[in-house]
Amino acid sequence: MLIAVICIYMGVWACAYYAGQSEGGVRFAGFYAVAVLALPNLFGLAFWLIYQRVDGDGAADLTRMVILVGAGLALVFYPVIYLRTRRGA
């Protein structure tokens, strides 16, 4: 679970960094959508595929938790990383 959350955070960082390096608000919105909607689901699916072999009954609940935590991280940290990248910090 921790590895999936770390991978989601690294993907959010990459999206925000790339959007911060380029000009225009369209990239901000597009990468924000990718970071919040696509990345947690993608890494949640990978987590589910691996974890279902360990605990088939509890894998769905834990996967939902991974997706929710990842989406929460993306909602909070994407704008912060984007602003830091834009300012050059």
- line: Measuring from its Cα centre, the chain shows a charge dipole (+1 at each Lys and Arg Cβ, -1 at each Asp and Glu Cβ) which, in debye to the nearest 20, is 380 debye
- prompt: Roughly what angle does helix 59-87 make with the longest principal axis of the chain, taking Cα atoms, 0 to 90 degrees, to the nearest 10?
  reply: 10 degrees
query: What whole-number value in Å² describes the accessible area per residue of the range 1-60 for a 1.4 Å probe?
result: 63 Å²
message: Within the range 1-88, what whole-number % of the accessible surface is contributed by carbon and sulfur, with the 1.4 Å probe and all protein chains included in the calculation?
response: 70 percent
message: Please report Rg (one decimal) and Dmax (integer) in Å for the Cα set of the range 21-65.
response: 15.0, 46
- prompt: Taking Cα pairs under 8 Å and at least six residues apart, what relative contact order does the chain come out at, in percent?
  reply: 44 percent
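Restricting things to Cα coordinates, could you compute the convex hull volume per residue of the chain in Å³?
Values: hull volume 6.1 nm³, N = 89.
So the per-residue Cα hull volume is 68 Å³.
The values are calculated or read from the model by the stated rules, or taken from the named source; none is laboratory data. These numbers were taken from a predicted model, which means no experiment stands behind them. In this analysis, Cβ positions are derived from the backbone assuming ideal geometry, glycine residues included, and neighbour counts consider all displayed protein chains. Just so you know, the surface numbers come from the protein's heavy atoms only, side chains and all, with ligands and any DNA or RNA stripped out. Shrake-Rupley method; radii C 1.70, N 1.55, O 1.52, S 1.80 Å.
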